[in-house]
1. Keeping to region B:5-44, report how many residues are near ligand 1 (Cβ under 10 Å from one of its atoms), closer than 18 Å to residue B:224 by Cβ and not in a strand (DSSP E or B).
2. Can you tell me which residue among B:83, B:58 is in contact with a Lys or Arg (Cβ under 9 Å, 6 or more places away or on another chain), within 13 Å of chain A (Cβ to nearest Cβ) and away from ligand 2 (no atom under 16 Å from the Cβ)?
3. Across region B:163-188, which residue is surrounded by the fewest Cβ atoms within 10 Å (Cβ to Cβ) among those that are farther than 22 Å from residue B:7 by Cβ and modelled with pLDDT of 90 or more?
4. Scan region B:110-159 residue by residue and report those that are of a type in the set (Phe, Trp, Tyr), surrounded by fewer than 21 Cβ atoms within 10 Å (Cβ to Cβ) and within 14 Å of another protein chain (Cβ to nearest Cβ).
5. Would you mind finding the one in B:193, B:227 that is among the hydroxyl-bearing types (Ser, Thr, Tyr) and either at pLDDT 85 or above or under 21 Å from residue B:151 (Cα atoms) (or both)?
6. Could you say which residue among A:304, A:331 is within 16 Å of residue A:258 (Cα to Cα) and in contact (Cβ under 8 Å) with a residue 60 or more places away in the chain?
7. Of all residues in region B:84-139, how many are of a type in the set (Val, Ile, Thr) and part of a loop (DSSP other than H, G, I, E, B)?
8. State the number of residues belonging to region B:194-212 that are touching a Lys or Arg at 6+ places or on another chain (Cβ under 8 Å) and more than 16 Å from ligand 2 (Cβ to nearest atom).
Amino acid sequence: MFLALREIRHSKARYMLILVILLLVSFLVLFVTGLARGLAYANISAIENMPSNYYVVQGDADHTFRRSQLNDAELKAARAVVGDKNATPLAVQMSTITAADADVKADITFFAVDMDGMLAPKVIQGEGISNESQGSVIVDQKLEQSGITIGSTIRDQASGMSWKVAGFVQDSSYSHTPVVFINNRDWQEMKQGVGQGAAEAQSVPYNVIALHADTGQVKEITGQLDNVEVITQKQAISSIPGYSAEQNSLLMMIVFLFVIAAFVLAVFFYVITIQKTSQFGILKAMGTKMSYLAWSVVGQVMILSVASLCISLLLTFGMNRALPESMPFQLDASTIILTSCLFVAMSLLGALISVAKVAKVDALEAIGRTGA
Amino acid sequence: MSAKLLMKQVTKTYGDGDSTLSVLSNLNLQVNEGEFVAVLGPSGSGKSTFLSAAGALLTPTSGEIFIDGESLTNKDKGELTKLRLEKIGFMFQSAQLLPYLKVEEQLLYVARLAKLDTREAKQRAAYLLKRLEIWERRDRYPEQLSGGEKQRVAIARAWMNKPAILFADEPTASLDFNRGREVVRMIADEVKSEGKAAVMVTHDERMLEWCDRVLYLEEGHLIEKKSLVTVH
Ligand SMILES: Nc1ncnc2c1ncn2[C@@H]1O[C@H](COP(=O)(O)OP(=O)(O)O)[C@@H](O)[C@H]1O
Ligand SMILES: [Mg+2]
């Protein structure tokens, strides 16, 4: 590090330039990563926040909740394996609502759940609803931005039914739409209302069964039931319409940024290294070990990439505070650590070309040469 | 008297197949403690090749070389690097200082490589820089020094790790006559006061005043011609 630090001290402008470029790239990496995570969360937070870790879906439903249809027979079988508490039905329905007292139309997703089960919404404002109540719903707080408050009456366009908003929940989105929680009683009424009449009176089917189970129990359920599939929460999330496409394009941007970071650094350092070929020859002739020189090059890259990373972390946190609420942004500690490590690793990868170049310099270059 | 440098039947041949060029052929040389030897020869006569071989930078095609009694034959790259660090001081054409190290740091760097104690290194650097009269310039970068000053730093750096022998490759090439002579005198002074040895390669016959022996590199051999030394 003796040489590395003194060289930076001597050529401040040159290394500052590299630092700034690395800073911009690492900031962009962190920022896009945060945005990707934020968008993901804004998209599927309702599923992500569910305590269940597995979902039973119909075998030919392509993992997609809305395409799946299950009934009581499957629920009974699942409950027999994992216990009553650890399996609960979930029905999903996308729709559009209007509010009586506000001039709004909003796309929402109905979640019909057992209000005593594990999927019951955690109300943060207002009151919860029971399985017996009628005409009340719990909605995602994001609807507040559309002018809906507790006590508002919302009306489903498709069925024409109306409910009163009893309470708000937080962070409940499905496919970028706010979730409206209703109990099974209202769900039955809504389905039968638009259905063909009272013929199929006892119970309307639901879409999936949420499970809290271990792998053994999952195997047992798939063994017992034909034509169903048990998928993990991760699989469920990536099958939510739009989720994968959105995340993949953001992921591609992030990957490109990493590659760019490695390339920019590699090229900069390579050019600098080529300029210093004769210096490396002298250093070797004087008895500097190759390992010392390699560490010197790698050390410089380490200093620059870690320094730029620290500054860009500060910038990212600052940016996060300045961002408006409506712009989803989320960076948790594990993502930051992973991203930071990857960034430094890519920088070091870029430095390796320079190390290889230095290794090739012959100490003989020092003798019989005129130069600086 | 112990031999600081001993070269026995050293041959260096460049190229292969039908177009070979023997730059050194069966060259013999012994340089003893306290001796300052000059090697002269026109451009292309093989001076740099000779110095590279003696300085453990180039492996000769055949023959044996001993530095301070240690044979260079059968040493690997790492061992040769270590030997250069501990036993050999180099001076190159046009100083070749590291542009980003201040004068004093140029000396401290080689001391660090040799794992010298920091305090000891500082003392030795101060001693050398004072002797060579560039102590006041110790906080300057090479770009702020004149050519003569740079070569004086290079001398100090070469002597820093108390090498057994110093090899200088045309150390006066980038200096005017007076400054060049001054630099050669300083090398000679250090050889005498430290009880070491030095070999200087040059094509300038006017720089020989302070040398104990003058050798000519002709057709791959070193030939002694005492009578030619001119006195200024
Ligand atoms: N690596 C090499 N490959 C082939 N020929 C070389 C090489 N290095 C030097 N030579 C040749 O060896 C001769 C002596 O070169 P050199 O030792 O540099 O002489 P000097 O330093 O006296 O000018 C020259 O003819 C040169 O062309
Ligand atoms: Mg030469």
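The values are calculated or read from the model by the stated rules, or taken from the named source; none is laboratory data. All values reported here derive from a predicted model rather than from experimental measurement. Reconstructed Cβ throughout: ideal geometry from the backbone, glycine too, with neighbour counts over all protein chains shown.
1. 2
2. It is B:83.
3. Result: B:185.
4. Answer for region B:110-159, where residues must be of a type in the set (Phe, Trp, Tyr), surrounded by fewer than 21 Cβ atoms within 10 Å (Cβ to Cβ) and within 14 Å of another protein chain (Cβ to nearest Cβ): just B:141.
5. Values: B:227 fails: either at pLDDT 85 or above or under 21 Å from residue B:151 (Cα atoms) (or both).
The conditions single out B:193.
6. Values: A:331 fails: within 16 Å of residue A:258 (Cα to Cα).
Answer to the check: A:304.
7. The total comes to 1.
8. Looking only at that region, the number is 6.
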